[in-house]
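Student: Before I ask anything, here is the structure I am working with.
The values are calculated or read from the model by the stated rules, or taken from the named source; none is laboratory data. All values reported here derive from a predicted model rather than from experimental measurement. Counting neighbours? That spans all protein chains shown, and the Cβs are built from the backbone with ideal geometry, glycine included.
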Amino acid sequence: MNKRKIINDPIYGFISIPSELVFDIIEHPFFQRLRRIKQLGLTELVYPGANHTRFHHALGAMHLMRKTLDTLRSKGHFIYDSEYEAALIAILLHDVGHGPFSHTLESALLKDVHHEDLSLLIINYFNKQFDGKLDFTLQVFQNKYPRKFLNQLVSSQLDIDRLDYLKRDSYFTGVYEGSIGAERIIKMLNVVDDDLVVEEKGIYSIENFLSARRLMYWQVYLHKTTVCAEKMLIKLIERAKYLARKNTITCPNEALNLFLQNDYRLEGFRGNDSLIEKYCTLDDTDIWASLKLWQNHDDLVLSRLCKGLLERKLFRIVLLNEKPEASKLADLKSKIAESLNLSIEDAHFFLAEGAVSNAAYIPEGQISILTKTGKVIDVAEATDLPNIQAMKKIVTKYYICWPKEVIYNF
């Protein structure tokens with residue numbers, strides 16, 4: 001069959017499939033699952049257009065990687081075809097380990113398992129399926145390949161992942177202030193001593209990239225309503241786990257029931273292809289189907305949380321500059337218990353608190369600028385870019401979420 005397909009993307013236009021191996025990976029059920037996982041989780045409750053998926057993002061990132069490697073080749077950097085394909089597959093599969101609602105349930109369904117660790121396990125699974133053809137991909141993904149810049153294109157402060165998701169998320173949310181000139185940045189990339197650098201004439205595009213990233217975090221990724229909805233979903237899964245272990249809850253999906261009844265750590269996945277296969281059946285639709293089923297459950301905590309998300313009746317959220325006092329949180333929990341006729345233990349499911357941080361540029365793992373004199377410097381050292389110096393500061397805000405009908409002032 002013809003495996004050289006063309007996909008029409010709303011951001012870049014036509015995206016072509018570069019090889020039969022890439023086509024076969026895209027066709028695999030584990031990758032097709034990404035069609036059913038939203039890129040931005042519950043952000044559609046704030047920005048209704050944010051319905052794009054991890055599948056969109058993975059294909060877009062592969063497209064940008066291809067453009068980047070072609071640019072580097074045009075500047076005289078020799079890249080073997082095997083390296084070229086390995087980098088394409090590494091970026092294509094960088095998010096394949098995401099579970100339902102992307103980052104939202106990353107620490108709720110599993111126990112301290114990062115999606116990148118699962119992506120690595122799934123790439124290993126693919127490598128066995130495809131007779132070792134992903135050996136180079138695994139080296140690039142793990143930063144074990146001798147040519148460092150290939151890994152930097154997959155994971156760094158100026159990686160292809162960020163170039164696509166900023167442009168894509170800005171487009172689908174309608175937050176156009178977050179848009180970046182990805183194509184121009186790619187044209188300005190180069191390699192010096194095996195490290196990825198940006199030519200000096202692209203420095204203002206990098207400043208815009210970092211500014212857009214900072215803005216997108218506050219306005220989209222850390223939007224207070226999104227944070228509130230995500231915390232409600234996490235509390236809901238916590239309650240569902242509690243009920244599943246008492247065998248008082250039904251799941252539409254056998255795999256979801258397995259993960260509710262067990263706290264799997266990363267060690268449980270290693271060498272366990274059966275568990276990886278079960279995990280890779282889960283997507284957003286399993287959670288939504290469960291919410292629709294559980295909204296009529298006898299457990300009032302579970303049913304209330306389900307209805308709140310299904311009907312968009314979200315908690316109130318307050319942002320603070322300082323961590324709230326423990327005595328005030330205890331007082332609020334008592335009021336929640338009294339107002340909703342709950343025990344103090346159950347009131348825990350209607351109170352969420354924590355912190356969100358926004359770091360647009362972290363000096364470790366710097367973005368390097370190649371000056372016209374041939375010197376390589378950190379972008380933050382550029383004398384005429386004081387904004388980047390300011391963006392190195394990590395800003396932290398504290399939040400508290402609770403039901404709107406409970407009146408309480410902080």
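Student: For PHE55, indicate whether it is touching a Cys at 6+ places or on another chain (Cβ under 6 Å) and closer than 29 Å to LEU105 by Cβ. Before the answer, list the steps.
Tutor: Details: touching a Cys at 6+ places or on another chain (Cβ under 6 Å): no; closer than 29 Å to LEU105 by Cβ: yes.
So PHE55 does not fit the description; no.
Student: Taking the options LYS328, LYS313, LYS333, name whichever one is out of contact with any helix residue (DSSP H, G or I) (no Cβ under 9 Å at 6 or more places or on another chain) and closer than 21 Å to LYS224 by Cβ. Write out each step before concluding.
Tutor: Working: LYS313 fails: out of contact with any helix residue (DSSP H, G or I) (no Cβ under 9 Å at 6 or more places or on another chain); LYS333 fails: out of contact with any helix residue (DSSP H, G or I) (no Cβ under 9 Å at 6 or more places or on another chain).
It is LYS328.
Student: Return the residues of the stretch 222-250 that are among the hydroxyl-bearing types (Ser, Thr, Tyr), out of contact with any Ser or Thr (no Cβ under 8 Å at 6 or more places or on another chain) and part of a helix (DSSP H, G or I); say none if nothing qualifies.
Tutor: THR225, TYR242
Student: Quick check on ARG35: is it surrounded by 15 or more Cβ atoms within 10 Å (Cβ to Cβ), under 22 Å from the mean Cα position of the chain (by Cα), assigned to a helix (DSSP H, G or I) and of a type outside the set (Ser, Thr, Tyr)? Before the answer, list the steps.
Tutor: On the way: surrounded by 15 or more Cβ atoms within 10 Å (Cβ to Cβ): no; under 22 Å from the mean Cα position of the chain (by Cα): yes; assigned to a helix (DSSP H, G or I): yes; of a type outside the set (Ser, Thr, Tyr): yes.
In short, no.
Student: Taking the stretch 262-292, which residues are in a helix (DSSP H, G or I), of a type outside the set (Lys, Arg) and closer than 13 Å to LEU110 by Cβ? Step through it out loud before you land on a result.
Tutor: The initial filter retains those residues of the stretch 262-292 that are in a helix (DSSP H, G or I), namely 266-269, 273-279, 284-292.
From what is left, the residues that are of a type outside the set (Lys, Arg) are 266-269, 273-277, 279, 284-291.
Result: LEU266, GLU267, GLY268, PHE269, LEU275, ILE276, TYR279.
Student: What tally of residues in the stretch 163-202 results from selecting those that are part of a helix (DSSP H, G or I), surrounded by 19 or more Cβ atoms within 10 Å (Cβ to Cβ) and touching a helix residue (DSSP H, G or I) at 6+ places or on another chain (Cβ under 8 Å)? Give the steps one after another, and end with the answer.
Tutor: Our first condition is that a residue be part of a helix (DSSP H, G or I); within the stretch 163-202, this holds for 163-173, 176-178, 182-187, 200-202.
From what is left, the residues that are surrounded by 19 or more Cβ atoms within 10 Å (Cβ to Cβ) are 163-170, 172-173, 178, 182, 185-186, 202.
Those still in the list that are touching a helix residue (DSSP H, G or I) at 6+ places or on another chain (Cβ under 8 Å) too: 163-170, 173, 178, 182, 185-186, 202.
Result for the stretch 163-202: 14.
Student: If a residue must be more than 30 Å from GLY374 (Cβ to Cβ) and of a type outside the set (A, V, I, L, M, F, W, C), how many such residues does the stretch 198-254 contain? Don't jump to the end; show me each part of the working.
Tutor: Step one: filter the stretch 198-254 for residues more than 30 Å from GLY374 (Cβ to Cβ), giving 214-254.
This time we only want the ones that are of a type outside the set (A, V, I, L, M, F, W, C), so: 214, 217, 219, 221, 223-226, 230-231, 235, 238-239, 241-242, 245-248, 250, 252-254.
Final tally of qualifying residues: 23.
Student: So, one more: Take the stretch 89-122 and flag every residue that is without any contact (Cβ under 8 Å) to a residue 40 or more places away in the chain and surrounded by 22 or more Cβ atoms within 10 Å (Cβ to Cβ).
Tutor: GLY97
Student: Taking the stretch 321-337 on its own, how many of its residues are under 28 Å from the mean Cα position of the chain (by Cα) and either at pLDDT 95 or above or over 16 Å from CYS401 (Cβ atoms) (or both)?
Tutor: Count: 2.
Student: Is there any pair linking a residue in the stretch 239-266 that is polar (S, T, N, Q) to one that is not in a helix (DSSP H, G or I), with Cβ under 6 Å and at least six apart or on different chains, and which?
Tutor: Here the result reads ASN257/CYS251; GLN261/ARG245, each pair linking the stretch 239-266 to a residue that is not in a helix (DSSP H, G or I).
Student: Just for helices (runs of 4 or more DSSP H) wholly inside the stretch 65-150: which have at least 2 residues that are within 15 Å of the chain's Cα centre (by Cα) and closer than 30 Å to LYS224 by Cβ? Please lay out each step first, then the result.
Tutor: Values: elements: 81-92, 115-129, 135-141.
Once the helices (runs of 4 or more DSSP H) in the stretch 65-150 are filtered for at least 2 residues that are within 15 Å of the chain's Cα centre (by Cα) and closer than 30 Å to LYS224 by Cβ, what remains is 115-129.
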